[in-house]
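Here's the structure, in structure tokens; my notes come after.
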Amino acid sequence: MSACEITATLRQAWSIPDGVTYLNHGSFGPTPRVVQSAREEWSAQLASQPMDFFLRAMEPALDEALAVLGEFIGAAASDLCFVDNATVAMNVVAQSVPLQPGDEVVLNNHEYGAVRRIWQTACTRQQAKLVQPPIRTPIASAAEIVESIFAAVTPRTKLIVVSHVTSPTAIVFPVEEICRRAQAMKIPVCIDGPHAIAMCPLSLKQLGCAFYCASLHKWLSAPLGSGFLYVRRDWQTKLTPPVVSWGGSLSGRSARWQDDFYWLGTRDPAPYLAVPEAIRFLEEIGFEAFREHGHRLAKIVRERLSNDWNVEALVPDEVAFYGTMITMPLPPGPILRAKPHAMDPLQAALWEKHRIECPVMDWNGRRHLRVSCHAYTTREDLQRLFTALDECAELVGSR
């Protein structure tokens with residue numbers, strides 16, 4: 001599908017309400033209609049005959065879905081399991097990696113807040129140390145990212161946790177080089193990858209990380225409640241499941257490490273089983289066409305806001321550093337939230353006055369606007385955003 005065709009009819013493939021400009025696919029991706037239908041069909045099959053579904057149909061269906069996912073992300077299905085989201089996956093890793101008093105886990109200051117909290121909790125529990133080196137912006141080269149992380153590595157480092165695409169700053173990190181260097185030092189790497197799935201080409205077999213945690217409801221547009229955990233084979237027998245239940249197989253096949261993650265009690269696996277439909281949906285659009293379209297729009301945002309706000313972008317203007325999502329610093333000014341977790345007044349005004357969903361992020365002591373551009377996003381959507389920002393100038397900051 002060509003770039004000019006990509007948005008002509010695609011908005012109708014989603015059920016986004018009329019009058020809404022949705023520029024926050026990076027947080028919660030709306031589910032395309034065909035993927036919604038696939039999920040509903042699996043739920044209906046479960047509801048009609050749950051005994052047959054759980055004992056005979058579910059495990060083979062999950063195997064088939066994992067095979068499709070594995071082919072898409074370059075991983076053997078036997079090294080993957082479905083989980084609800086990346087947060088669940090990251091908690092599994094945090095509960096499974098043994099730490100002794102004085103051991104260190106290295107993150108950085110671009111990591112997602114929940115990930116920082118997960119590892120701070122794990123380190124506190126085991127009397128280990130969480131090390132968070134700053135990666136300063138603007139970034140001029142991938143080497144700056146790599147060197148900033150490894151400057152914090154010591155003989156006590158037991159794990160490096162790093163985003164493939166950062167959440168607050170929307171930067172594509174050089175995870176291949178990070179994994180290569182860590183492997184040479186025999187340090188396992190856990191990658192937080194929700195934003196990379198579909199946005200970036202991925203081959204986990206080549207990447208060499210120990211763990212990869214991802215949600216699939218973001219750029220892949222799979223149902224909410226679908227994610228995966230990749231575990232390198234030398235770690236699979238060391239995992240602590242999130243919930244202790246029966247384990248093993250209820251259909252009679254040989255037990256596998258994934259069983260502890262599927263038999264958590266009675267639950268509907270429909271979001272997992274609809275993942276292949278999400279992959280097929282974006283395959284029909286064309287992953288390269290989708291990526292090129294989204295990056296082209298993100299570049300427009302970068303150029304327009306850099307000029308309008310007289311601010312410098314966080315990364316060079318290259319696809320290696322940002323994909324279908326761009327984060328731009330707002331002009332200097334105070335952080336305006338009344339409470340730490342309250343919505344920024346600019347974000348609230350964009351929705352309340354203009355029906356635009358676009359998050360304002362507080363990062364590194366400054367406010368930033370993060371704009372997501374999916375296949376349904378148009379230049380007209382961006383123009384509505386620019387017009388709304390002009391009308392909300394008093395909430396943007398000093399210029």
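The values are calculated or read from the model by the stated rules, or taken from the named source; none is laboratory data. Everything numeric in this text was worked out from a predicted model, so none of it was measured. Because the Cβ atoms are built from the backbone with ideal geometry, glycine has one as well, and the counts that use them run over all protein chains shown.
Taking the range 135-144 only, how many residues are closer than 15 Å to residue 168 by Cβ and free of Cβ contacts under 8 Å to residues at least 60 places away in the same chain? Total satisfying the criteria: 2.
The number of residues in the range 54-88 being aromatic (Phe, Trp, Tyr) and either outside the structural domain of residue 258 (by TED's automatic domain parsing) or at pLDDT below 95 (or both) comes to 1. Counting the residues of the range 75-87 that are crowded, with 20+ Cβ neighbours inside 10 Å, of a type in the set (A, V, I, L, M, F, W, C) and in a helix (DSSP H, G or I) gives 1. Residues that are modelled with pLDDT under 90 number at least 1 in the following helices (runs of 4 or more DSSP H) confined to the range 244-295: 259-262. Residue count for the range 250-262 satisfying the condition of being without any contact (Cβ under 8 Å) to a residue 60 or more places away in the chain and either surrounded by fewer than 14 Cβ atoms within 10 Å (Cβ to Cβ) or in contact with a strand residue (DSSP E or B) (Cβ under 7 Å, 6 or more places away or on another chain) (or both): 3.
Considering only the range 316-336, state which residues are under 19 Å from the mean Cα position of the chain (by Cα) and either part of a helix (DSSP H, G or I) or among the aliphatic types (A, V, I, L, M) (or both).
Filtering the range 316-336 down to residues under 19 Å from the mean Cα position of the chain (by Cα) leaves 319-328.
Listed by number, the residues that qualify are 319, 320, 325, 326, 328.
Sort through 388, 338 and tell me the only one that's among the small types (Gly, Ala, Ser), modelled with pLDDT of 95 or more and not assigned by TED's automatic domain parsing to the domain that holds residue 221. Even if it seems obvious, please write down each step before you answer.
Values: 338 fails: modelled with pLDDT of 95 or more.
Result of the check over 388, 338: 388.
Among the candidates 388, 375, 393, which residue alone is touching a residue at least 12 places away in the same chain (Cβ under 8 Å) and either under 26 Å from the mean Cα position of the chain (by Cα) or over 12 Å from residue 21 (Cα atoms) (or both)? Give the derivation first.
Values: 388 fails: either under 26 Å from the mean Cα position of the chain (by Cα) or over 12 Å from residue 21 (Cα atoms) (or both); 393 fails: touching a residue at least 12 places away in the same chain (Cβ under 8 Å).
Of 388, 375, 393, the one residue that is touching a residue at least 12 places away in the same chain (Cβ under 8 Å) and either under 26 Å from the mean Cα position of the chain (by Cα) or over 12 Å from residue 21 (Cα atoms) (or both) is 375.
Taking the criterion of being part of a loop (DSSP other than H, G, I, E, B) and in contact with a helix residue (DSSP H, G or I) (Cβ under 6 Å, 6 or more places away or on another chain), the only residue of the range 30-41 that qualifies is 32.
Within the range 42-54, if we keep just the residues that are in a helix (DSSP H, G or I), more than 19 Å from residue 220 (Cβ to Cβ) and not aliphatic (A, V, I, L, M), the residue that is nearest to the chain's Cα centre (by Cα) turns out to be 43.
Restricting attention to the range 310-361, the residues being free of Cβ contacts under 8 Å to residues at least 24 places away in the same chain, surrounded by fewer than 12 Cβ atoms within 10 Å (Cβ to Cβ) and farther than 24 Å from residue 164 by Cα number 7.
Assess whether residue 395 counts as being in a helix (DSSP H, G or I) and surrounded by 21 or more Cβ atoms within 10 Å (Cβ to Cβ). So residue 395 does not fit the description; no. Checking 265, 247 one by one, the residue that is touching a residue at least 12 places away in the same chain (Cβ under 8 Å), touching an Asp or Glu at 6+ places or on another chain (Cβ under 6 Å) and more than 24 Å from residue 27 (Cβ to Cβ) is 247 and no other.
With the condition kept exactly as written, say whether any residue in the range 215-237 is assigned to a helix (DSSP H, G or I), acidic (Asp, Glu) and in contact (Cβ under 8 Å) with a residue 60 or more places away in the chain. Outline the logic, then answer.
So in the range 215-237, the residues assigned to a helix (DSSP H, G or I) come out as 233-237.
Those still in the list that are acidic (Asp, Glu) too: 234.
From the residues that got through so far, the ones that are in contact (Cβ under 8 Å) with a residue 60 or more places away in the chain too are none.
No; the residues of the range 215-237 include none that is assigned to a helix (DSSP H, G or I), acidic (Asp, Glu) and in contact (Cβ under 8 Å) with a residue 60 or more places away in the chain.
Applying the criterion of being surrounded by fewer than 23 Cβ atoms within 10 Å (Cβ to Cβ) and of a type in the set (Lys, Arg) to the residues of the range 209-237, the residue that is farthest from residue 23 (Cα to Cα) is 233.
Can you confirm whether residue 139 is outside the structural domain of residue 316 (by TED's automatic domain parsing), surrounded by 15 or more Cβ atoms within 10 Å (Cβ to Cβ) and touching a Cys at 6+ places or on another chain (Cβ under 6 Å)?
Numbers: outside the structural domain of residue 316 (by TED's automatic domain parsing): yes; surrounded by 15 or more Cβ atoms within 10 Å (Cβ to Cβ): yes; touching a Cys at 6+ places or on another chain (Cβ under 6 Å): no.
So residue 139 does not fit the description; no.
Check the range 102-112 and report whether any residue there is in a helix (DSSP H, G or I) and in the same structural domain as residue 213 (by TED's automatic domain parsing). Step through it out loud before you land on a result.
Step one: of the range 102-112, the residues in a helix (DSSP H, G or I) are none.
The answer is no; no qualifying residue exists.
Taken together, the criteria exclude residue 48 from residues that are closer than 20 Å to residue 232 by Cβ, modelled with pLDDT of 95 or more, surrounded by fewer than 17 Cβ atoms within 10 Å (Cβ to Cβ) and among the hydroxyl-bearing types (Ser, Thr, Tyr).
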